[in-house]
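Scroll down for the structure; my scribbles are underneath it.
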Amino acid sequence: MIQPKLDTLQSVELAEGVQVLLRPAGPAPRAMALLLDLVFIAVLILLTSLFGMLVAGWIGIETGMGMLTLLLFTIYWGYFIIGEVFRNGQTYGKKLMGLRVVRTSGARVGWGAAVMRNLIRFADMMPLWPQTAGWFGFYLFGLTSCLCTRRFQRLGDLVADTVVIYAKADDRSDGSRLREPIVPQAPPVVLTREEQQAFMHFIERAATWSDARKAEMVSSLAEVLGTTDHERVTRALAIGAWVRDS
Amino acid sequence: MKRATFEEQNAPHWRELEVAVEAMDRRKEVSDAHKVPHLFRQVCGDLALAQHRMYGRRLCDRLNALVIGTFQHLQMAANHGAGAFLRTFGREFPQAVRRESRLVWLAFALFFVPFAAFLLAAHFEPKWIYAVLPPEMRNMMDQMYGADSQNEFIRDRFGSNFGMFGFYIFNNVGIEFRIFAGGVLFAVFGAWAIGYQGVFIGAMFGYVHAAGNVERLYTFASSHSSFELLGFTLAAAAGMRIGLGFALPGRLTRVAAMREAGKRALPILYGATAMISVAAVIEAFWSPSAAPPIFKYCVGVAGWCLFAAYFFFVGRNSDEA
């Protein structure tokens, strides 16, 4: 029986016949990116207001106010849309967090999808914060939606068929950051493909696990690998290194 | 082949493509752009080999990111340009509205039934109007459209037509987006939002009928009325379309139903936003002007007739049933 995978990697097959992996980002990095974006928007609004007040001296205060209101409106609604369409799916906040908005097929976010997902941002923002007259909300609907879908999609993502992925590779996935150097050692039996892959994943992710966790993972191979926990872990790492380098 | 050898042999290609993708990301000139598709196919092949031969997460992740990054740039952009604009407003928008005609009529009724009710209330039971409108609103209506109001009140308040334009865009498009978002959330909120607008605006109009200068109100409001009210109605219909997609998915999953509904609702939303923006232009620059009232009434009526003709007749072709 094929077990459903526990990871969040989504694989998409491109027309070229290769399978790429998309790593959807969860609510926490997205929330950070959103906070950063809000800070940027606030800064933009401040600068535009200053600019507007300077210019109002020339063209009259009321026309200046009109222009200012228009600009504020454009910034508030357009910041996200313009960032996603013209900056490769990244607003400044997302760029700083290393995130990116793409369609679920791996393709670029176009105008329709960007507009749709940002207008529905209003629905995701509910419940609104009453004191701010509809500008800020608590994002409870969006958060619930993220937690209930496989790919951490909020309501706007579901309707627009987009997903927020990590743009850069995870640079912790490398066996070279272990404390002790590993001497590769051949396994006692010939390994199948899945087994080779398992050992290689083990050594690649070993740096991110505690010793107790590593020991727990190799405990099912107790008879083959050795008697003490430390011995088993070292042996498993050695086999992983052998597989990786061969 | 060992991983180290594989990396050594192919690293120059990867580096070349990475440089090109970086340049494309920054919208700069790419030298030898004609090589990019070739390099892309090569890197796709390398990624498939690396995955099959299990060369390790680091290598596979690097190639994975490179393929995705190039793919985003190599795709053809679907539509832009003047042709797209004509196509959207000449065909997609009216067709989309006709396809969702039941929801559009529902939103229409949700707005205009309370509106008409409050207009009637002005004659028969003004206490309903006083129940809905708070005193501040009544004062404002008195100042704007009261029997003895000054003519230039609105312009004085905002100082200039452009000032008003900015305010109207901000206010009305904001209302429109809120109506749309309300519709997305369970459709019922959208119905409530548009009904609320109908009640409130109806109460305002009714109040002026009961206690204000009716001519002033209609000379101001008639010209942009068709754009603005139909815009709100369509935004409500678009939002409810998506909300209903979630609530009544038919034979699709809820998510797929919402996605399909989104595709159908998007042209309606574009059109509604355009209409409300035009309404803001008219409201700011034409409506407060000193043109004779009969002229403004004619523009208003013409607006309604034109929209009726537009939605019933434009963009029909033989495929439509």
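Values computed for the structure shown
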quantity: Acute angle (nearest 10 degrees) that the helix B:3-25 long axis makes with the longest principal axis of chain B, alpha-carbon atoms; calculated: 30
quantity: Computed [θ] at 222 nm, helices only, for the protein assembly as shown once each DSSP H run of length n ≥ 4 contributes -39500 (n - 2.57); calculated: -22000 deg cm²/dmol
quantity: Pairwise burial B:A, computed as accessible area of each alone minus the pair, summed, 1.4 Å, Å²; calculated: 4900
quantity: Per-residue mean of C-beta atoms belonging to partner chains within 10 Å, peptide B:54-66; calculated: 6
quantity: Surface share of carbon and sulfur [accessible, 1.4 angstrom probe, percent] for the protein assembly as shown; calculated: 64
quantity: Tail beyond 28 Å, pair distance distribution of chain A (Cα, percent); calculated: 52
quantity: Computed accessible area, residue A:8, all protein chains, 1.4 angstrom probe, square angstrom; calculated: 60
quantity: Once the Cα gyration tensor of the stretch B:169-321 is diagonalised, semi-axes √(5λ) in Å; calculated: 32, 19, 12
quantity: 10 Å-binned pair-distance histogram of the stretch B:1-61 (Cα, whole percent); calculated: 21, 50, 24, 5
quantity: Residue-normalised accessible area of the protein assembly as shown, given per residue in Å² at a 1.4 Å probe; calculated: 51
quantity: Phi-based couplings in Hz for the stretch A:18-32 (Karplus 6.51, -1.76, 1.60; Gly and Pro marked x); calculated: 9, 9, 9, 10, 9, 9, x, 9, x, x, 5, x, 5, 5, 4
quantity: The protein assembly as shown - Debye-derived log10 I(q)/I(0), Cα point model, q = 0.07, 0.11 Å⁻¹; calculated: -0.56, -1.08
quantity: Solvent exposure, largest accessible area first (probe 1.4 Å, DNA, RNA and ligands not counted), of B:41, B:53, B:58, B:138; calculated: B:41, B:58, B:53, B:138
quantity: Residue B:62 accessible area, assembled protein chains, probe 1.4 Å, Å²; calculated: 80
quantity: Which of A:111, B:14 is most accessible, then next, and so on - probe 1.4 Å; calculated: A:111, B:14
quantity: Estimated translational D of the stretch B:3-108 in µm²/s (Stokes, Kirkwood radius over Cα pairs; 10 °C; 1.306 mPa s); calculated: 93
quantity: A:203, A:81, ranked by accessible area, largest first (probe 1.4 Å); calculated: A:81, A:203
quantity: Rounded to whole Hz, the Karplus (6.51, -1.76, 1.60) HN-Hα couplings of the stretch B:240-246, x for glycine and proline; calculated: 5, 4, 6, x, 5, x, 6
quantity: Number of partner chain Cβ atoms within 10 Å, mean per residue of A:8-20; calculated: 4
quantity: Inter-probe distance in nm under a simple model that places probes 7 Å from Cα toward Cβ, at residue B:25 and residue A:149; calculated: 2.5
quantity: Three-way shape call for the stretch B:206-290 based on the alpha-carbon gyration tensor, with the a/c threshold at 1.5; calculated: oblate
quantity: Rounded to the nearest 10 Å², the accessible area of residue B:2 at probe 1.4 Å; calculated: 110
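The values are calculated or read from the model by the stated rules, or taken from the named source; none is laboratory data. Nothing here was measured: the structure is a model prediction, and the numbers come from that model. We place every Cβ from the backbone using ideal geometry, glycine too, and count neighbours over all the protein chains shown. Note: areas computed on protein heavy atoms with side chains; ligands, DNA, RNA excluded. Shrake-Rupley method; radii C 1.70, N 1.55, O 1.52, S 1.80 Å.
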